[in-house]
Amino acid sequence: MAATKLQTSIRLRATPYKSRVERLGVSDFSIVNHTLLPKGFGDTQQNDYVHLKTHVQLWDVGCQRQVELRGVDAAHLAQLMTPRDLTNGKVGQCFYAPMVDEFGGMLNDPVILKLAEDHFWFSIADSDVLLWAKALAYALKLDVAVVEPDVWPLAVQGPKSEDLLVRVFGEEIREIGFFRFRRLPFKERLLPVARSGYSKQGGFEIYLDDSSLGEALWDACWDAGAGLSLRPGCPNLIERIEGGLVSYGNEMTRENNPLECGMEKYCQLDGSIEFIGLSALQKIQKQGVQQKIRGVIFDGGPCPPCSRPWPLKVNNDEVGKLSSTIWSPRFNANVGLGMVSKMHWSCGTEVTVISEDGLRRSGRVTSLPMSDNS
Ligand code: THG
């Protein structure tokens, strides 16, 4: 069967880096937040994985759109939308934070940037946070502007990221702490540059706030890569699964609560802060959750990435589902992420994975991130 192509349109938004990723041979796209996300440059996930862990990559993650809250009530609205305690946060900090609805169901898992006491960006995963935030601001008559600004993150990931960005922004790059950002000059602008990103290999995210400078920013980073084996890249499925980085819409949806998703540490449930979903989450915490996200390492030869959930079985009983899967060179086995029920979530539990090619593969439950003795 011939491969079908995705037909683009204005509604499926391009990022300011599109001409550059096309020139570098992008071979696959996905859509996140109604925006194109490059998913490959013709090489295998396995080769991209080795490169990411050894060198440095430039990722067009413009699809990580921002929802901006600005005004007197911005801090209040930000706190209403997440169980994570933002009250002692400093300007220049980033917070990985679950967002939940009134039932405690996951709405998103953004990185929140505190730009000023009255100014926040929610750098979102794939759901329409803008509409939820606008509705809350309107219904609660809050004094806050809720907009999607002209901001397009560009990620630099891998062990040589710091050396690369020192060439673009200077030595100050080395002083940025994990999940902190500084505003650094680029072409008459001051761009927030954070030590963060959707990999565990170290790196930075540059929040370009003027799409007309997209090509110039890409080129400045690209040209700085001489001698560093820089390649274009994208979030790598193998590295993400091994690192236990969960993906909204895959590992979790509105059907799940943050306590099932390994986010207890980002949930302040003692009543000291008020947010939408507090009483629901307190009740869930009291009852205890019945499932949690776990890793699974399983055999049976290289499996395809899953396009629907794969059942996990113990003695023919379904005990969970894998929502992301791929072959891992590091473990010389397949790796996956998914919800596993309470009776079977302890590490080392043996499970059978039913992959969509019909095979029954034997595996075991692991903690996250996966470690070499997993
Ligand atoms: N960067 C930015 N925006 C994003 C993502 C990103 N939006 C969408 C998506 N990724 C959101 N999901 C995540 C998931 C995990 C992390 C970041 C965003 C992450 N987690 C750290 C970890 O697991 O090691 C924990 C960080 C902490 O504890 O503070 O980095 O990647 N801008």
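Counting only residues at least eight positions apart within a chain, or on another chain, the aspartates and glutamates with an alpha carbon under 16 Å from that of LYS5 are GLU22, ASP28. Once you reduce the stretch 119-184 and the stretch 37-77 to the center of their Cα atoms, the two points are 11 Å from each other. Taking 13 Å as the straight-line reach from the Cα of LYS134, the aspartates and glutamates in range (excluding those fewer than 8 positions away in the same chain) are GLU68, ASP73, ASP143, GLU148. Straight-distance candidates among the lysines for linking to LYS160, with alpha-carbon spacing under 18 Å and chain neighbours fewer than 8 residues away dropped: LYS53, LYS200. Computed about its Cα centre, the charge dipole of the stretch 117-173 is approximately 180 debye, with only Lys, Arg, Asp and Glu carrying charge at their Cβ.
Comparing LEU140, LEU259, LEU191 in a Gaussian network model of the chain (Cα springs below 10 Å), the most mobile by mean-square fluctuation is LEU140. When averaged across all projection directions, what area in nm² does the alpha-carbon convex hull of the stretch 30-71 cover? Its Cα hull, projected and averaged over all orientations, spans 4.3 nm². With 20 Å as the limit on Cα-Cα distance, the pairs of LYS39/LYS313; LYS39/LYS114; LYS114/LYS187; LYS286/LYS321; LYS265/LYS292 that go past it are LYS39/LYS313; LYS39/LYS114; LYS114/LYS187; LYS286/LYS321. Remark: the Cα gyration tensor places the stretch 42-94 in the prolate category, a/c being 1.5 or greater and a/b exceeding b/c. Using C-alpha pairs below 8 Å separated by at least 6 residues, the relative contact order for the chain is 17 percent. Apolar share of the accessible surface for the chain: 50 percent from carbon plus sulfur atoms, 1.4 Å probe.
Extending 7 Å from Cα along the Cβ direction at ALA139 and again at GLU117 yields two label points whose distance is 3.0 nm. Based on Cα contacts under 8 Å between residues 6+ apart, the stretch 17-174 shows a relative contact order of 28 percent.
Ligands, DNA and RNA are left out, and with a 1.4 angstrom probe the accessible area of the stretch 1-123 is 43 Å² per residue. Of the GluC sites (Glu not before Pro) found in the stretch 90-175, those in coil by DSSP whose Cβ has at most 10 other Cβ atoms within 10 Å are GLU102.
Taking a ≥ b ≥ c as the square roots of the eigenvalues of the Cα gyration tensor, an a/c ratio of 1.5 or more together with a/b no larger than b/c marks the stretch 208-367 as oblate. Classify the chain as rounded, prolate or oblate from the Cα gyration tensor: take a ≥ b ≥ c as the square roots of its eigenvalues, call it rounded if a/c is under 1.5, otherwise prolate when a/b beats b/c and oblate if not. Cα axes put the chain in the oblate bin.
The values are calculated or read from the model by the stated rules, or taken from the named source; none is laboratory data. Just so it is clear, the model here is predicted, and its values are computed rather than measured. Note that each Cβ is placed from the backbone with ideal geometry, even for glycine, and that neighbours are counted across all protein chains shown. Accessible surface areas use protein heavy atoms only, side chains included; no ligands, DNA or RNA. Shrake-Rupley method; radii C 1.70, N 1.55, O 1.52, S 1.80 Å.
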